[in-house]
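A.B. asks: One structure follows; several queries about it will come next.
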Amino acid sequence: MTELLKPYLIWLHLHPHWAGLAAFLISFAESIAVIGLLIPGTVVMTAIGALIGSSVLPFASITLWSIGGAIAGDVLSFWLGYHYHQDVRKLWLFKRYPKLLKKGELFFQQHGGKGVLLGRFIGPMRPIIPLIAGMMSMRPGRFILFDAISGLLWAPVYMLPGILIGAASQELPPEMATKLLIFIVILLLILWCVSWLLKLIYQSLNTSAHRLLAHWWNWVKRHPRLHKIDQFLQDPRYPENHGQFGLSLVFLLLIILFAVLTWSVVSHGWLTAWNVPIYHLMRSVRSTLFDQIMVLITFLGEARVIMFMWLAVLGWLAVCRHWRAAIHWFLVGILCGVLVEGIKHVIHSPRPSGLLQSPEGWSFPSGHSTDSTIFFGFLAILLSYGRARVWRVLAAIIATVLTITIVISRLYLGAHWLTDVCGGILIGLATLCVLTISYRRKVKAPLAPLGILLVAVFSLFIAWSAYFQTHYLKALHDYTPYWPKYTINAQQWWKQANKQIPQYRYNRFGKPIQVINLQWASTLGDVEQHLRAQGWHKESRHSFVILLSGLLSKDKTKQVPVLTQLYEDRRPILIMTKYLDKQNTLLVLRLWDAHLKTDTGLPLWLGTIGYHHWWQNTFFKRKHPAAQLAENASLIPATQLFIQDLNSFTWKQVQYKQIPNNLKNWDGYVLFIKP
């Protein structure tokens, strides 16, 4: 596939004007009414952005072509609606799916001219809103103003993810980068096709499932021995509806899934394989700002915070004499405590390590995940039961977002494994099914939601604020990542008798990816001062501005890698670079704080020294394999070049005979440096 598509990429690179015309036509077709519904605009624009980010296509001209195509397509759709007015409804698509026009008309009536701007960023609305604006006789000048603004924003925003992907791929060798870009384009197309196919399958299965459930439900009601199940599961508001029966089947499925997951946790089965990779991934994205935010979010799932809200809502329901709702809300609190603590004491699953102070208790299932699923889920049911579908969907979305953010905070802070939060969600949803089935059995009138909502929100806020005042600083300290510190004998280190020193750098999923080919015993200030005198430059910390300026700059000395390289899930404490004009390359030194110290008092830094390659100019050059091997063989190892700048330090190279095949850019030597 790579060899098949690569000539087309070369052709696009050599003929950017045709690529611009293609971008215009794609954006044009994607914006035309009816036709735009069939074109995967998001996928195509992301693919174009990936080609821009990888320097295959120019940014400015392609963006202008895309903006022009989008505006032209919208203007044509507007003219069709403006000219034909209500005759548009006679089109086959809108006769078959009248809801498309109804949703668009409602959206346009609510937002007016702003709807033209906003509608472009809402997938199904994008090709419909200009048509509806014309049908409703919007002034052409006003439409063009809003549409031009939306077009100017739409193209860069939709291409930005692809641009970043393409830019990140430039860190790879040319052949690998080519394969990556082609893989991304193909993957995006496959994902769009799969999502479209899944949507069709879902609609078909949903219809079939409703028919099958209705058939089973009628069979249960007619069965002489199972008719009592009909009485138990019947919803008095909709006695012929099989919704309760469907919930009972979902409950059985959730219990089976939870049992399988629990067995895997107990036996350390294959379902636990992602625990460690996700743990390392979360530690790799830790930052001070995110720590503060995640601690605030995780407080929403604290048992004492949620229980205060539980008591407040329970009191309100009792005062208002909603006894059935009060009884079920009371059961919510009881079941949460009994289920979580009971399962934890049976399973005895330990929590992840690596924090200054890990939370007390066992790990599986996550109490935060279970409590938030049940409490917020059942609160949404109380508020939305018997209401219009839009309110039910809104309540479900809010409860889901709250639960997911709390779950993510537990993973981010390293308080739980992935299986812990999955187990909490499964058992929480199963409990929620039982409570919902029971609650719906005899309730005939919906509750007044405003009072319950206000009590729940204010009590949750008060409890959260109080908990924040008393526990925030301690929680921020306890959830701080911890790495053990070691003191080693300097002579043993120099002789390589101490085997505790790590030898590999791991990626964000905990897999070894690179050899640590440099160990330096010295103060960080002395290292930086010495290298500056040798022509090295210290790199600033990554930021979006620095990254963007580096990508757009033609000065190779300003170009920095997109992805920060990590050691033990941490960023380098020092990055220094030196541009070698003769070799036309950049040497990059990265040092990490490994919390190692020699008995002489000097800290020991672990790091890597290597080349940072640019391949924009060689992206389309096909090299014979023998020529590529000769070029690699003639390349001087980075450690050899670096040794030339160590005139005031003592150094030695240690050779390792066994070179792992899966680790890149290593010549088999590790450089040891000391004063």
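Rule-based calculations on the coordinates, nothing more; no lab input. Predicted model only: the values in this text are computed from it and were never measured. Every residue, glycine among them, receives a Cβ derived from its backbone with ideal geometry; neighbour counts consider all protein chains shown.
A.B. asks: Taking neighbour counts of Cβ atoms within 10 Å as a proxy for exposure, in what order, fewest first, do Asp599, Asp371, Asp581 appear?
C.D. replies: By the 10 Å Cβ count, ascending, the order reads Asp581, Asp599, Asp371.
A.B. asks: What nm distance separates the two modelled labels at Gln357 and Ile201, each placed 7 Å from Cα along Cα→Cβ?
C.D. replies: Using points 7 Å along Cα→Cβ, the separation is 4.9 nm.
A.B. asks: Go through 322-329, 409-416, 256-263, 528-535 and give me the packing order, highest mean Cβ count within 10 Å leading.
C.D. replies: 409-416, 322-329, 256-263, 528-535
A.B. asks: Can you compute the charge dipole magnitude of segment 288-403 about its Cα centre, using +1 on each Lys and Arg Cβ and -1 on each Asp and Glu Cβ, nothing else charged? Give it in debye, rounded to the nearest 20.
C.D. replies: On the way: 8 positive and 5 negative charges, 114 e Å.
Here the size comes out at about 540 debye.
A.B. asks: Among Tyr506, Tyr472, which comes first, then next, by fewest other beta-carbon atoms within 10 Å?
C.D. replies: Placing the least packed residue first, the sequence is Tyr472, Tyr506.
A.B. asks: Report the label-to-label distance for Ile397 and Leu253 in nanometres (one decimal), using points 7 Å from each Cα along the Cα→Cβ vector.
C.D. replies: About 2.3 nm, to one decimal.
A.B. asks: How long is the gain from Trp483 to Glu341 if the chain were fully straight, where each residue apart is worth 0.36 nm and the alpha carbon distance is subtracted?
C.D. replies: 48.1 nm
A.B. asks: Based on other C-beta atoms within 10 Å, arrange Ser522, Ser366 from fewest to most. List each step's numbers first, then the result.
C.D. replies: Values: Ser522 18, Ser366 31.
Placing the least packed residue first, the sequence is Ser522, Ser366.
A.B. asks: Follow-up question, since we're still on this one. Assuming 0.36 nm per residue, please report the length gained on full extension of the stretch Arg211 to Gln469 beyond their Cα-Cα distance.
C.D. replies: 87.5 nm
A.B. asks: For every other residue with a beta carbon closer than 15 angstrom to the beta carbon of Trp605, add +1 if it is Lys or Arg and -1 if Asp or Glu, then tell me the sum.
C.D. replies: It works out to a net charge of +4.
A.B. asks: Let me ask something else about it. Return the subset of Lys538/Lys578; Lys485/Lys652; Lys652/Lys674; Lys511/Lys597; Lys485/Lys538 for which the Cα-Cα distance in this structure is over 20 Å, preserving the input order. Kindly include the intermediate steps, with their values, before the conclusion.
C.D. replies: On the way: Lys538/Lys578 9 Å; Lys485/Lys652 25 Å; Lys652/Lys674 9 Å; Lys511/Lys597 26 Å; Lys485/Lys538 26 Å.
In this structure, Lys485/Lys652; Lys511/Lys597; Lys485/Lys538 exceed 20 Å between Cα atoms.
A.B. asks: Can I ask one more? What is the distance, in nm, between label points placed 7 Å from the Cα along the Cα-to-Cβ direction at Cys320 and at Gln653?
C.D. replies: 7.8 nm
A.B. asks: Calculate, for Thr405 and Phe509, the FRET efficiency according to 1/(1 + (r/R0)^6) with r their C-beta to C-beta distance and R0 22 Å; round to the nearest 0.05. Let's see the in-between values first.
C.D. replies: Details: r = 23 Å, r/R0 = 1.04.
So the FRET efficiency works out to roughly 0.45.
A.B. asks: Okay, moving on. Mind checking the full-extension length gain between Leu580 and Ser61? Use 0.36 nm per residue of separation minus the Cα-Cα distance, one decimal, nm.
C.D. replies: 183.5 nm
A.B. asks: Using Cα centres only, tell me the gap between segment 381-414 and segment 277-323 in whole Å.
C.D. replies: 12 Å
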